[in-house]
1. Any residue in segment 83-98 that is surrounded by 12 or more Cβ atoms within 10 Å (Cβ to Cβ) and modelled with pLDDT of 90 or more?
2. Inspect all residues belonging to segment 5-16 and state whether any of them is closer than 30 Å to Lys100 by Cα and open to solvent by 60 Å² or more (accessible area, probe 1.4 Å).
3. Looking only at strands (runs of 3 or more DSSP E) that fall completely inside segment 143-219, which ones have 2 or more residues that are in contact with a helix residue (DSSP H, G or I) (Cβ under 9 Å, 6 or more places away or on another chain) and among the basic types (Lys, Arg)?
4. Do you know which residues across segment 138-188 are open to solvent by 60 Å² or more (accessible area, probe 1.4 Å) and more than 24 Å from Leu81 (Cα to Cα)?
5. When you go through (1) loosely packed, with under 12 Cβ neighbours inside 10 Å; (2) within 30 Å of Ser5 (Cα to Cα) one by one for Leu61, which number turns out not to apply?
6. Residues that are closer than 28 Å to Asn25 by Cα, of a type outside the set (Phe, Trp, Tyr) and in contact with a Lys or Arg (Cβ under 8 Å, 6 or more places away or on another chain): does segment 92-115 have at least one?
7. Within the bounds of segment 143-154, is there any residue that is more than 17 Å from the chain's Cα centre (by Cα) and of a type in the set (Val, Ile, Thr)?
8. For segment 1-96, list the helices (runs of 4 or more DSSP H) that sit wholly inside it and hold at least 2 residues that are under 25 Å from Val194 (Cβ atoms), within 17 Å of the chain's Cα centre (by Cα) and touching a residue at least 12 places away in the same chain (Cβ under 8 Å); which are they?
Amino acid sequence: MRVFSALKPRTVPPEVRVEFCRFANANSSIRLENSRLHVRISDVLEGAPAPILEALAFILLSKLYRRPVPDGYSIRYRRYLNRKDMRRNLHLVRQTRGHKLASAPQGAYYDLSQIFEELNFQYFHGLMAKPNLGWSLRRSRSTLGHYDPSHNTIVLSKVLDDSNVARLAVEYVMFHEMLHLRYPVDHSGNRRCVHTPEFKEAERQFPGYKEAKELLKRL
């Protein structure tokens, strides 16, 4: 109620219903329905300190009413989630509750296992342990590939498994995701850097780097 009044001081606070849920991540949601606020929070945060839950309340209410989050609350919340113990807890939660949906690595035109092995031998001396590999279930153009560390899985978009897509483009996307195994996410304070300077430098060493980027732009 205090947070609501801080954001909307001349409005009578609605009834609030808060529920801690067994989500597979730290996501939370809020909605206003029949003059009641329904808040769903990941149970990973059930024991969080009061200042963290206060920060989350400011974030959720600000998004609900389309207002900027007051200074400091986003940083406070991100810094808490970025703590080593919280990252470890969230990793375990994703492993035990989540699941990765993907089809087999053998596609209609490209075999991801074969491409991985060739790139592993060529650029990583054959020393990279093979993760789970698969094609996405949807033909996404916005996300051409991703590496999920919780499930040790590389998934490439099915839009790449096409006779009109050059093999160089598929190899580049796979190489990019393999670099995520070589250069893990860097965590510092509230900062989370997915593509470190070392990652970017290694990526630029890929032969045909610029050509592959141009090919992907035309998908």
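1. No, the conditions are met nowhere in segment 83-98.
2. Within segment 5-16, the first condition is being closer than 30 Å to Lys100 by Cα, and the residues that meet it are none.
No, segment 5-16 has no match at all.
3. Numbers: elements: 145-148, 153-156, 186-188, 191-193.
Answer list for segment 143-219: 191-193.
4. Passing the criteria: Arg138, Arg139, Arg141, Ser142, Thr143, Lys158, Ser163, Asn164, Arg167.
5. Leu61 satisfies every listed condition except (1).
6. Among the residues of segment 92-115, at least one is closer than 28 Å to Asn25 by Cα, of a type outside the set (Phe, Trp, Tyr) and in contact with a Lys or Arg (Cβ under 8 Å, 6 or more places away or on another chain), which makes the answer yes.
7. In the first step, residues of segment 143-154 are kept if they are more than 17 Å from the chain's Cα centre (by Cα); the result is none.
Looking through segment 143-154, none of the residues is more than 17 Å from the chain's Cα centre (by Cα) and of a type in the set (Val, Ile, Thr).
8. Details: elements: 2-7, 50-64, 73-81.
Result: 73-81.
The values are calculated or read from the model by the stated rules, or taken from the named source; none is laboratory data. The shown structure was predicted, so the numbers you read here are calculated from the model rather than taken from an experiment. Methodologically, a virtual Cβ is constructed for each residue, glycine included, from the backbone with ideal geometry; neighbour enumeration extends over all protein chains shown. Heads up: the accessible areas ignore ligands, DNA and RNA and are worked out on the full protein's heavy atoms, side chains in. Shrake-Rupley method; radii C 1.70, N 1.55, O 1.52, S 1.80 Å.
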